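Below is one structure, written out as structure tokens; comments come after it.
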Amino acid sequence: MSEVKILGEFYFSQILNKPILDAQGRRVGRVRDMVMRWDSLAPHVTGIKTAKGAQAVIPIELVSFMNHREIRLSVDFSSNITVPLQEDETFIGKWLLDKQIIDLEGSKLVRVNDLTLSWITRNHKQIMVLVAVDIGLRGVFRRLGVEFLVRRVKNNFLGWQYIKPLESRSSALQITREKEQLRELHPADIADLLETMGY
């Protein structure tokens, strides 16, 4: 199995509204949303939306650097670098955040309060995968910017491999198997996930 190197681990809420800079350091917008494609067992990020109401996105391959303060592109910004939203792509914030998840019996509901992302490289290819959804109290407080108030509360994550892919953008998320609480994800776990996805 190929070695997986983690370039960064983020919560979706930590990236929202962060400035985007091009290769020359010019500010070209903010992260208004991110786009994902769910073409296998786990979804992965394909682009970044930079303006409200826009359907065009910056491909994730053009991101050279990302942290909790900013996103930098590997190229100078122009309208030519954006691509239209594809039919099999979904806005993460618009269609996943705050969505209800139904369990196997269709009764118990939990809410997607945040999402965990891993930006990794494998075989010299960079990819950003959605690793888990945060269904716990800390996710709510994190989005409000006051996670420190509940730092003693344990995170409550549900891995994407236990969630059925969306049949449509407006459909409910469903758990496919008994859920697993994830406390920590190791590079080997991500490598296994990528192997399953075919990367």
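Just so you know, all these numbers are worked out from the coordinates, no wet-lab data involved. Note that this is a predicted model, so its numbers are computed, not measured. Cβ sites come from the backbone with ideal geometry, for glycine too, and all protein chains shown count toward neighbours.
Give me His44, His68 sorted ascending by neighbouring Cβ count inside 10 Å, so fewest comes first. Kindly include the intermediate steps, with their values, before the conclusion.
On the way: His44 21, His68 10.
Fewest to most other Cβ atoms nearby, the residues stand as His68, His44.
If neighbour count is taken as other Cβ atoms inside 10 Å, put Phe77, Phe148, Phe10 in order from fewest to most. Write out the running numbers ahead of the final one.
Numbers: Phe77 20, Phe148 8, Phe10 17.
So the ranking, lowest neighbour count to highest, is Phe148, Phe10, Phe77.
Among Glu147, Glu3, Glu87, Glu9, rank each residue by its count of other Cβ atoms within 10 Å, from fewest to most, as a rough exposure measure. Provide the component values of the computation, followed by the final result.
Details: Glu147 19, Glu3 9, Glu87 6, Glu9 14.
Least to most surrounded, the residues fall as Glu87, Glu3, Glu9, Glu147.
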